[in-house]
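The values are calculated or read from the model by the stated rules, or taken from the named source; none is laboratory data. Note that the structure is a prediction, hence the values are computed from the model and not measured. Positions of Cβ are generated from backbone atoms using ideal geometry, with glycine treated the same way; all protein chains shown enter the neighbour counts.
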Amino acid sequence: MNELFDKLIIRIVFAILICLTLIFYKYLHIVFYPSARKQLFRTFYPSKNPADTLHLFSRILGVGIILSGFHFYLGNGLGMAIYDLLLSTIVVFALYLGSLYVLESIVLGSYEYSDEVLKRKNLSYGIICFANSLAMAYLAKAILSISKESLIMLSILWLFAMAITGIAMKGFDLISKLPFHKLLAQKNIAVAFSYTGFIWGWTLLVTNSLEHDLVDLKSYSIQFLLKIILSAIVFPLFKQGLSLIYQLKDESGAIAPVHGVGINATSSMEMLYHEGPGVGTGLYEGVLFFTSAFLTGIITASIDFGSFYPVF
């Protein structure tokens, strides 16, 4: 019975801790976005600004994801278990916010939250922030699990992961046919969907590369780099192979005529096509990126060579 009561108390404390973390982030939001200070105490209407809705709930989901992988050890008593919970929450929350700050500084460094979300209500910007939040949450969760409560290893793994992720995100403009900054400024949703598939795919590859036994830092680093290099080689092969096998052809340059609509029509869908590539183009690229990354992960992380060969 004592064990059941201890578990019940930990669940209650964990629920309170999650709520406190969300409240803390609400006020910490001012630090990251000083221009949004006036929005903090105002009533929020989600339906009026979808970009702000995505931005807000992506952060809430991110907090939920990073707090969903904790393991509680009651062998040292209930007090120590709660202490470990509090300490782990602080560390992983700081790790998540740091990862998110670094990534958005790389990808969205030339854009302001107040301009894109509060003034322009840029849904494309909101989708990209949503993708970044979930990607960094899963990455932070994986790093915390692999580090095994060692702050030194946590810092080293975080540096590895963020360096590779930053380099990969810089390569988006090279691998995608959609000009990122131009379409984002035009509030084109296609580039947001394409970027979402790309960031989620490469987050999966980086996470897979991190997930192996951490015994010696030198051998671990070598295996991590080998997996990343192998991923960089295999990923474009799968991407090109899928296009050739299934005869996938992007027709983003052509705008299909809209039946029953005049030349001067101003429907939202037609305006979207006139402003740039359509949503279908972004979905096609995003799904292709993520599928290629998933198949690459099977090659780089899911093959077990047994005890006589190293696991790459």
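Just so you know, in the range 190-215 the residues that are surrounded by fewer than 22 Cβ atoms within 10 Å (Cβ to Cβ) and of a type in the set (A, V, I, L, M, F, W, C) include one that is nearest to Leu108 (Cα to Cα), and it is Trp200. For the range 138-163, a residue qualifies if it is farther than 18 Å from Glu104 by Cα and in contact with a helix residue (DSSP H, G or I) (Cβ under 8 Å, 6 or more places away or on another chain), and the qualifying residues are Lys141, Ala142, Ile143, Leu144, Ile146, Ser147, Glu149, Leu151, Met153, Leu154, Ile156, Leu157.
In the range 27-80, which residues are charged (D, E, K, R) and at pLDDT 75 or above?
Here is the first cut: in the range 27-80, the residues charged (D, E, K, R) are 37-38, 42, 48, 52, 59.
Answer for the range 27-80, where residues must be charged (D, E, K, R) and at pLDDT 75 or above: Lys48, Asp52, Arg59.
In the range 71-107, the residue that is farthest from Ile143 (Cα to Cα) out of those that are free of Cβ contacts under 8 Å to residues at least 24 places away in the same chain and not in a helix (DSSP H, G or I) is Gly77.
Out of curiosity, is Ser133 under 22 Å from Leu56 (Cβ atoms), modelled with pLDDT of 90 or more and out of contact with any Cys (no Cβ under 8 Å at 6 or more places or on another chain)?
On the way: under 22 Å from Leu56 (Cβ atoms): yes; modelled with pLDDT of 90 or more: yes; out of contact with any Cys (no Cβ under 8 Å at 6 or more places or on another chain): yes.
Criteria met by Ser133.
If you take the residues in the range 119-163 that are aromatic (Phe, Trp, Tyr) and farther than 17 Å from Leu225 by Cα, which one is surrounded by the fewest Cβ atoms within 10 Å (Cβ to Cβ)?
Keep residues of the range 119-163 that are aromatic (Phe, Trp, Tyr), which gives 125, 130, 138, 158, 160.
Filter once more, keeping what is farther than 17 Å from Leu225 by Cα: 125, 130, 138.
Numbers: Tyr125: 25, Phe130: 22, Tyr138: 19.
Once the filter is applied, the top-ranked residue is Tyr138.
Note on the range 230-245: residues that are closer than 20 Å to Ile164 by Cα, over 21 Å from the mean Cα position of the chain (by Cα) and free of Cβ contacts under 8 Å to residues at least 24 places away in the same chain total 2.
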